[in-house]
Amino acid sequence: MSPYVTVTTSEAQGTTLGERLHGLVAALGAAPVRSITGDGVRATLEIVQKAVAEGRGTAEIPFEVHEVPSGTPVLDWTVPKEWNVRAAYLVGPDGSRVVDIADHPLHLLGYSVPTRARLSLDELRPHLFSMPDRPDWIPYRTSYWNENWGFCLTDTALRALPDGEYEVVIDTTLTDGSLTYAEIVLPATEPAPAGGEPTEFLITTHTCHPATANDNGSGIAILTELAHHLAALPRRRHTFRLLFIPGTIGSITWLAQNRDVVGRIGHGLVLTGLGDRSQPTYKRSRRGDAVVDRAAAVALAETGRPHRVVDFSPYGYDERQFCSPGFDLPVGRFGRGQHGEYPEYHTSADNLDFVSPENLAESFGLLTRIIEICERNAVWRNTSPYGEPQLGRRGLYRAIGATMNRQAVEMGLLWVLNLADGTHDLLDIAARAGIEFDSVTAAVDALAGVGLLVPRDAVSPEGTP
Amino acid sequence: MSPYVTVTTSEAQGTTLGERLHGLVAALGAAPVRSITGDGVRATLEIVQKAVAEGRGTAEIPFEVHEVPSGTPVLDWTVPKEWNVRAAYLVGPDGSRVVDIADHPLHLLGYSVPTRARLSLDELRPHLFSMPDRPDWIPYRTSYWNENWGFCLTDTALRALPDGEYEVVIDTTLTDGSLTYAEIVLPATEPAPAGGEPTEFLITTHTCHPATANDNGSGIAILTELAHHLAALPRRRHTFRLLFIPGTIGSITWLAQNRDVVGRIGHGLVLTGLGDRSQPTYKRSRRGDAVVDRAAAVALAETGRPHRVVDFSPYGYDERQFCSPGFDLPVGRFGRGQHGEYPEYHTSADNLDFVSPENLAESFGLLTRIIEICERNAVWRNTSPYGEPQLGRRGLYRAIGATMNRQAVEMGLLWVLNLADGTHDLLDIAARAGIEFDSVTAAVDALAGVGLLVPRDAVSPEGTP
Amino acid sequence: MSPYVTVTTSEAQGTTLGERLHGLVAALGAAPVRSITGDGVRATLEIVQKAVAEGRGTAEIPFEVHEVPSGTPVLDWTVPKEWNVRAAYLVGPDGSRVVDIADHPLHLLGYSVPTRARLSLDELRPHLFSMPDRPDWIPYRTSYWNENWGFCLTDTALRALPDGEYEVVIDTTLTDGSLTYAEIVLPATEPAPAGGEPTEFLITTHTCHPATANDNGSGIAILTELAHHLAALPRRRHTFRLLFIPGTIGSITWLAQNRDVVGRIGHGLVLTGLGDRSQPTYKRSRRGDAVVDRAAAVALAETGRPHRVVDFSPYGYDERQFCSPGFDLPVGRFGRGQHGEYPEYHTSADNLDFVSPENLAESFGLLTRIIEICERNAVWRNTSPYGEPQLGRRGLYRAIGATMNRQAVEMGLLWVLNLADGTHDLLDIAARAGIEFDSVTAAVDALAGVGLLVPRDAVSPEGTP
């Protein structure tokens, strides 16, 4: 269990944080079939909204649902037609339903066009998807941008299909409608810094996967919980913007419609796959050394538990869009197992058993720690940079000289004073000093408290920096 | 055998590339004694010119021989007097010729001044050079800048010389004449890039060593063959300038007389010692990270065979001049064994047996691959840098989503789009992506084909970059 | 023994350098109790001045003693009251003096305020300092900035104290007076370089520790000896400024009163703990790559003996002040054992037996070598940078070509010519070439002697750089 978990307000509610997150993943898995558009997405967002609105003593959390019409040009793309499913099944030669979306939401190829047909098994085969090497799992397949239809089923079921004529019933609609996403904005409680640096923290998760628990019920659940956590913070230096968006087209749509916001993003995280057994994993932004990249490395390392920090690559989730070269935003990705590296990925085996309350809670704790470090990180300026200031008369130094049992806090004071020259942020200082980030912030608090530190861009009392 | 060898036109001629190169080394070894000036150099260049003119279906290759008069000031140096040899021998006490240049071109100290003398063996000794640790080899020695004369012979022969009076006959001339070098210029077939970057590729080899096969018959042969290879290319982005020059004074002379060309050199290679058994070796330019340096490292590494990439040092061959601090050109050196590290270096043992057709062919293949990479390397710009462009509608993406067997080509597409921001060249992209250079160029071709990439300095259709 | 020791003038005097340094440490240990101010400091400086004035054939060495009045504001600090000790002892219940500063100067807590009191043992205990883990050593403790009093004694003695009433007699004065430090300035003998780079070399040592031999009798002795060494040099490119100052407040006071000098400091060293058995240790300046940092690394490495080069940290001696962010001077620290890492640190066991003549002499040799390298280091410019200059006609190259037994000096010539482009100093060249610093300087001397090198900022004969 992460040390940070214990400081959340969760346990006060009678269930543990992990149990609450796991319960929300379960609720999301029971929602109607969802895809990148359609009523399934809306139902999902209603679950989220309800969970967000369940006041647990915190202030009201704004929750805004956006509908962007089909056909809207968004960057290089176009918002697609809206897809909805009433029913989808395959009737076998003996009249029984051999595959039915009512049994499992993965049975239908995502974005299957409306289809009614009678086909022989051989004619049908190109529309049937299974996993021969995992014969009891149903694969998850989609065809968003190429009109097609099909069914996904276990390889065992596929092999058992007798020859004969099959009836295809895909009662879907693919019509002009809209793309639906939700946004929670929690404004900063502190005034913007004088230096004009970006002040928003963007955190996103994708909402388009049907039923699968880790990818990405876990992301939706954790982002929902995060809204409570952030709303309850006594102070927020950043404005937090939480996005529940369909993958790829959702981030593209949001980016296209929020070009003014983009320039204010100082940190960002894409959340995916946070409940599985893999070690916590952070994927760096394209920049590689953004504050969020360095903060995540510290947050994962200071646990002393196994973890991974991996370099950016242009394959993955919505970080691909945020880190496209035109935007090049400081947005990393946080989760556990990475797409494709665990066999359950994009299959029916990514179910509620695959995610655990403990892993969800640990991921949540690490996420809030990354955020906390970004919130605390700043560039300070020593107001007494010529020689060391006399700490003793300010009560910050031991009275009897020449003992060697230096306290970490004293080394923190000295390192911060030495490196607070307006060019090093607190993460830099912690790294160079080889001391804990929290020792650095403790030193900052003590020194700022006696006026020996001011924010980099602060104007000194005499009016000169 | 290098994979690149198989794509040359060689085999179509009935002899293999390696055999043809080896045959040219043999022909060069049978030429008259050559040094940094004189008729031996002219005879050597005639052999080259004849080999170049042997059309094998390619366009006519211009071959220009330059004569620079003795006494011409060139940088810090002066073109020396021209040296020619009619005969040179040493007559022993019994009247027999104990050393004779007619037997081996290394027997005469290079640039020996005309001398006729009768001397005792003791008086003669300071003018006799042998290798006591290799008693059967004749060393190669010269005295270009200090007037002197002497004979080189095996230590066995030296030890067998009886006391008595010897007659020295050195029938050379050292008179005002000229320094001779040859130049092949194959112009670019493509328009110069808008960015104005250097557009010439300089490749040089030294012509001054008498008879020795690896150093540098191999270099002359390979540069000769390269002229055919380059002339046969359907497209050349660079102008290729091939120099056959005497070592040191040749490059100094060329640099002094081509100051206007120097600024156009974008890549360069000095070729030496390409037929011996040592592993292929690239020596970086003084800059260390020039395109040719990075291209050579890729070309050698992608073979999967042993090779070396070594740092620049100011000792070696003509790269010393090209990489002098005033010029600091991006010129590396390519070959196999390095001067001095193999015992046969600068001795009569550097003979035709010391170089093999296989090693010559492998070196040639690597050389053409280095050149190919430099030709292909460029800086491109993604024309749709905000978010990922929709590859599917351009036929560049798989139709059925969510499978994980990503093709290398798709990763190539994504990496190129992500890093084609006008600051990374293709070698940078291959290195950061960890993918083959050819996968990168395949992606570039595909993306440029649909207008998603343009050269960095291209003007966009709207007239803005 | 360091090779540099043998070149000093020491042995000519009849005692070895090590013995002379050890004798001076002994004399300094016998001086009155010294602290950061007071007559003990003055007596110490008189010993130094006498040793400096003992002419050994060298020019007169200026020795200036400064007195800065109590209450003077210095940076963030104030010059403290002056402290002097007439007597200090503790009388036990039986009337005997159980602790007396007359027995050992460490017995009194430094800066103890005048006190006369009768106290029970329990009341006395908070004012008694011992080392339970080293029961026979007296600790060294001070209370400069917090008015207090106390005695330091062995733990054995402390444990033996009987219950009963004790009489405290601390006959000190703490009154307005001054802080005393000394300065030796040896001006450069060469004209300042045209480039205007900083031209002073600052070397400091602290004078405030009572009696302890390594920390810092060794520093005072070696800085004293260095004055002789530097005064005897035939040429000095830098002005050398040697400071004998109390720790912390001394450097702060000097910095406050010499703001104009600060900008001229090109190199600096703080000397501490130079006689103990630890390996020679250099602590880098805050910059980390200052000339003195690189010179010290070379000087220590070229001995081939164990040594340490450690990174800057803001804890230690007066380098803390010189490397505070406002000044950020290129000042490192040189010594052997570091504060706190050897048990004798700040105890009565740091006595004359703890320092050896051999270690003192080795430290001195290394110090003078670091200084020598800084003196020799410079940025030169090749006056013939286009191609290699012809070394042969300048007598700098072998006459018979093509031998491979290259002399280190020839490689030095080639490397210096290649890298003397106005951007690399000699330390850079030695590092990149992988050759000895002295080989580089030998090459520089040879090349400058024939006009092929000039200082970077020299104006060429034609009036153009």
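The values are calculated or read from the model by the stated rules, or taken from the named source; none is laboratory data. Since the model is a prediction, treat every value here as computed from it, not as a measurement. Virtual Cβ from ideal backbone geometry, glycine too; neighbours counted across all protein chains shown. Note: accessible area is taken over every heavy atom of the protein model, side chains too, but ligands, DNA and RNA are not part of it. Shrake-Rupley method; radii C 1.70, N 1.55, O 1.52, S 1.80 Å.
Data table
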{"quantity": "Mean Kyte hydropathy of -1.0 or more with a Cα span along the axis of at least 24 Å, helices from DSSP in chain A", "calculated": "A:357-376"}
{"quantity": "Copies compared at B:Glu197 - label distances in nm, ascending, label defined 7 Å from Cα in the Cβ direction", "calculated": "3.4, 3.4"}
{"quantity": "Accessible surface, chain C, averaged per residue in Å² (probe 1.4 Å)", "calculated": "38"}
{"quantity": "10 Å Cβ neighbours from other chains, averaged over peptide B:65-72", "calculated": "0"}
{"quantity": "Inter-copy separations for C:Pro343, label at 7 Å along Cα-Cβ, nm, ascending", "calculated": "6.0, 6.0"}
{"quantity": "Rounded FRET efficiency, nearest 0.05, which uses the C-beta distance separating A:Glu190 from C:Glu165 and R0 of 56 Å", "calculated": "0.40"}
{"quantity": "Cβ nearest the rotation axis (B onto A), residue from chain B and distance to the nearest whole Å", "calculated": "B:Asp289, 12"}
{"quantity": "Area of B:Tyr144 that stays accessible when all protein chains are in place (1.4 Å probe, Å², to 10)", "calculated": "60"}
{"quantity": "Accessible surface, 1.4 Å probe, highest first, among residues C:Asp457, C:Asp350", "calculated": "C:Asp457, C:Asp350"}
{"quantity": "Cα centroid separation - the stretch A:97-120 against the stretch B:58-82, whole Å", "calculated": "80"}
{"quantity": "Residues B:Thr303 and C:Ala301, FRET efficiency given R0 of 45 Å [Cβ-Cβ distance, rounded to 0.05]", "calculated": "0.75"}
{"quantity": "Cβ-vector label at 7 Å, B:Val261, separations to other copies in nm", "calculated": "6.0, 6.0"}
{"quantity": "Total accessible surface hidden between C and A, rounded to 100 Å², 1.4 Å probe", "calculated": "2400"}
{"quantity": "Whole-number percent relative contact order across the stretch A:257-410, with pairs defined as alpha carbons under 8 Å at least 6 apart", "calculated": "31"}
{"quantity": "Förster radius 51 Å - calculated FRET efficiency between B:Asp328 and B:Thr175 (Cβ-Cβ, nearest 0.05)", "calculated": "0.90"}
{"quantity": "Relative contact order (%) - criterion: Cα under 8 Å, at least six apart; region: the stretch B:83-174", "calculated": "45"}
{"quantity": "Solvent-accessible area, 1.4 Å probe, carbon plus sulfur percent, for the protein assembly as shown", "calculated": "51"}
{"quantity": "A:Ile222 accessible area, assembled protein chains, probe 1.4 Å, Å²", "calculated": "0"}
{"quantity": "Residue-averaged [θ]222 nm for chain C, counting only DSSP H segments that reach four residues, each worth -39500 (n - 2.57)", "calculated": "-8500 deg cm²/dmol"}
{"quantity": "Mean Cα-pair separation over length for chain B, i.e. relative contact order, pairs under 8 Å, 6 or more apart, %", "calculated": "17"}
{"quantity": "Dipole of the stretch B:178-312 [Lys/Arg +1, Asp/Glu -1 at C-beta], most positive-end residue of B:Val185, B:Ser285, B:Leu202", "calculated": "B:Ser285"}
{"quantity": "In the stretch C:206-290, the trypsin sites (Lys or Arg not before Pro) that fall in loop regions by DSSP, at most 15 other Cβ within 10 Å", "calculated": "C:Arg235, C:Arg277"}
{"quantity": "Gain on full stretching of the segment that runs from B:Ala30 to B:Ala117 - 0.36 nm per residue minus C-alpha separation", "calculated": "28.4 nm"}
